[in-house]
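Just below is one structure, and these are the notes that go with it.
The values are calculated or read from the model by the stated rules, or taken from the named source; none is laboratory data. Source: prediction; values computed, not measured. Cβ coordinates were reconstructed from backbone atoms using ideal geometry, including for glycine residues, and neighbour counts include every protein chain displayed.
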Number of protein chains: 4
Amino acid sequence: MSKEFKYVTKIYYEDTDAGGVVYYANYLKFLERARSEAIYSLGLSNKEILEKEGVIIIVKTCNIEYKKPAKFEDEIEIISNIKEVKNSSFKMRQVIKKKFDIISEADVVLVTVNKKGKPVRIPSILKKLID
Amino acid sequence: MSKEFKYVTKIYYEDTDAGGVVYYANYLKFLERARSEAIYSLGLSNKEILEKEGVIIIVKTCNIEYKKPAKFEDEIEIISNIKEVKNSSFKMRQVIKKKFDIISEADVVLVTVNKKGKPVRIPSILKKLID
Amino acid sequence: MSKEFKYVTKIYYEDTDAGGVVYYANYLKFLERARSEAIYSLGLSNKEILEKEGVIIIVKTCNIEYKKPAKFEDEIEIISNIKEVKNSSFKMRQVIKKKFDIISEADVVLVTVNKKGKPVRIPSILKKLID
Amino acid sequence: MSKEFKYVTKIYYEDTDAGGVVYYANYLKFLERARSEAIYSLGLSNKEILEKEGVIIIVKTCNIEYKKPAKFEDEIEIISNIKEVKNSSFKMRQVIKKKFDIISEADVVLVTVNKKGKPVRIPSILKKLID
């Protein structure tokens, strides 16, 4: 529960839109990269969880609030916390920051499913690390 | 309030990911396309609202629930309703469907801002159409 | 050889970047959509070619020239021609137009491969249609 | 001419498609990130070149050959070399590698333009660094 993960990235042309700021859907890419990096930092990978356990982690809900825009060439930081762990799902809070500004805040519920998309227990190789 | 907008699109390679289904961030692209098409169907455009009124419509919050995956070459339909209109913001409910299945449901709050990003009254050319 | 395919689309926020124009990589998405639509117009689908023939069409080379930018809310047309058909590959010329302006021109070589990525003969269900 | 730039990145879900490999247009995003990082490594930024010189670097042509696919969770390296510098354009060769495998090779011609999109001399702050 007390685990906190940090992921830093930069804003490239691909992330922005004609409004001159990051396109709203692209923040979800940063959130997903941050979650993948959190898994790597635990010594795991999505591939390993799939191959060893037959399990995929999917997003069930994503509630995101856009507070300030990130711009081209900004450096941003995504801070991710696990808030709640259930049998086959867990909840993360992910905050995107630019220095001292909060860019976006998101609550994301993730579910562990098998290859057919059916919810299954969080594999123990993952559960013992996030619980 | 009773306005309902429909937008139909197909799932191309660009929309999918290695899981074989639509990447979760890309549903937000479909939602935005559907909102843009709603504006066009009202006889307006984002460019016109910007040039005539100095106003941009931005997303403040997006709460999305993923219910079933859409897959490569599926045809999907996005049904958008305006749920609430305030002074400088309005709320939309957007449902992504594949035939009779609900793929995703989203509640999106949009804010009208000026070029500096400051909330301003919804321009009357838009307000009279959505109110 | 004389087949010509047309695909029309619009430029949405997702396609643009902070330069106010379409991001250079995104034109390749339009090219791919146009190729998929060409396949559909022939009464086929990528899924069908994969399931019946075990064949995937992949891009081997893409040479693209950017002539004029497409902008937010523009309507563009992609005109695709098959220029050359070999045993396991074919060449297409794809032109992106905005009214009378040429936005981009691309030469794309596509290869038919099996599930292991090895080049195989173009399946006859496809070959008879493009030859 | 002898300058070589290296940029390392990882393949996330957003980069892949239903074929299980990186979507062909997304390699162009990696190429662009690598070019931006090359500019940063020279002590410059796109923003600075625009604000001080009124100049934007745009892609004129991109010739890319796809040799082997990169897959989800792969780490790739983009090696970029400046091959030729003219008055208002320069040519780069960019190679995407995964360990010892070459994933893609691209020749990219870049042009320096003013805010109206008209080619202008490469600004000296950039030219002295790449020449």
Original post:
On the given criteria, is D:Ile64 touching a strand residue (DSSP E or B) at 6+ places or on another chain (Cβ under 6 Å), surrounded by 16 or more Cβ atoms within 10 Å (Cβ to Cβ) and either hydroxyl-bearing (Ser, Thr, Tyr) or over 26 Å from C:Lys118 (Cβ atoms) (or both)?
Top reply: no
Original post:
among the acidic types (Asp, Glu), more than 30 Å from A:Val59 (Cβ to Cβ) and more than 14 Å from chain A (Cβ to nearest Cβ), is that true of B:Glu75?
Top reply: no
**OP:** List every residue pair whose Cβ atoms lie under 8 Å apart, where the two residues are 6 or more positions apart in sequence or sit on different chains, the first residue falls within the range C:99-127 and is away from chain D (no Cβ under 12 Å) and over 22 Å from C:Asn87 (Cα atoms), and the second residue, located anywhere, is among the small types (Gly, Ala, Ser) and part of a loop (DSSP other than H, G, I, E, B).
**Re:** C:Ile103/C:Ala70
Original post:
Of the residues A:Val21, A:Val55, A:Val8, A:Val59, which is β-branched (Val, Ile, Thr) and surrounded by fewer than 15 Cβ atoms within 10 Å (Cβ to Cβ)?
Top reply: A:Val8
Subject >> The listed residue being hydrophobic (A, V, I, L, M, F, W, C) and exposed (fewer than 15 other Cβ atoms within 10 Å of the Cβ), out of D:Phe100, D:Phe72 >> reply: D:Phe100
Original post:
Out of curiosity, is C:Lys68 within 14 Å of chain D (Cβ to nearest Cβ) and not hydroxyl-bearing (Ser, Thr, Tyr)?
Top reply: yes
Original post:
So how many residues does the range D:44-55 have that are of a type in the set (Gly, Ala, Ser) and farther than 21 Å from D:Gln94 by Cβ?
Top reply: 1
**OP:** Take C:Lys47 and decide whether it is without any contact (Cβ under 8 Å) to a residue 40 or more places away in the chain, part of a helix (DSSP H, G or I) and within 7 Å of chain D (Cβ to nearest Cβ).
**Re:** no
**OP:** Could you tell me whether any residue of the range C:83-94 is under 15 Å from the mean Cα position of the chain (by Cα), aliphatic (A, V, I, L, M) and within 28 Å of C:Gly19 (Cα to Cα)?
**Re:** no
**OP:** Kindly check whether there is at least one residue in the range B:78-92 that is within 13 Å of chain A (Cβ to nearest Cβ) and surrounded by 15 or more Cβ atoms within 10 Å (Cβ to Cβ).
**Re:** yes
Original post:
Based on what the data block shows, is B:Ala25 within 30 Å of C:Leu44 (Cβ to Cβ) and among the small types (Gly, Ala, Ser)?
Top reply: yes
Original post:
Any chance the range A:5-18 includes a residue that's touching a Pro at 6+ places or on another chain (Cβ under 8 Å), in contact (Cβ under 8 Å) with a residue 24 or more places away in the chain and among the hydroxyl-bearing types (Ser, Thr, Tyr)?
Top reply: no
Original post:
B:Ile57 passes all but one of (1) outside any strand (DSSP E or B); (2) in contact with a helix residue (DSSP H, G or I) (Cβ under 9 Å, 6 or more places away or on another chain); which number fails?
Top reply: (1)
Subject >> C:Ile82 vs. criteria more than 30 Å from B:Glu48 (Cα to Cα), touching a helix residue (DSSP H, G or I) at 6+ places or on another chain (Cβ under 8 Å) and touching a residue at least 60 places away in the same chain (Cβ under 8 Å) >> reply: yes
Original post:
If you check C:Tyr23, C:Tyr27, which single one turns out to be within 12 Å of chain D (Cβ to nearest Cβ), of a type in the set (Ser, Thr, Tyr) and more than 16 Å from the chain's Cα centre (by Cα)?
Top reply: C:Tyr23
**OP:** Have a look at C:Ile49, C:Ile78, C:Ile96, C:Ile56 and point out the one that is farther than 25 Å from B:Val8 by Cα and modelled with pLDDT of 95 or more.
**Re:** C:Ile56
**OP:** Scan the range D:19-38 residue by residue and report those that are farther than 21 Å from C:Asn26 by Cβ and either assigned to a loop (DSSP other than H, G, I, E, B) or touching a residue at least 60 places away in the same chain (Cβ under 8 Å) (or both).
**Re:** D:Gly20
Subject >> Members of the range B:1-18 found to be part of a loop (DSSP other than H, G, I, E, B) and modelled with pLDDT of 95 or more, listed by number >> reply: B:Ile11, B:Tyr12, B:Asp17
Original post:
Do you know which residues across the range C:85-131 are hydroxyl-bearing (Ser, Thr, Tyr) and under 15 Å from C:Val55 (Cα atoms)?
Top reply: C:Ser88, C:Ser89, C:Thr112, C:Ser124
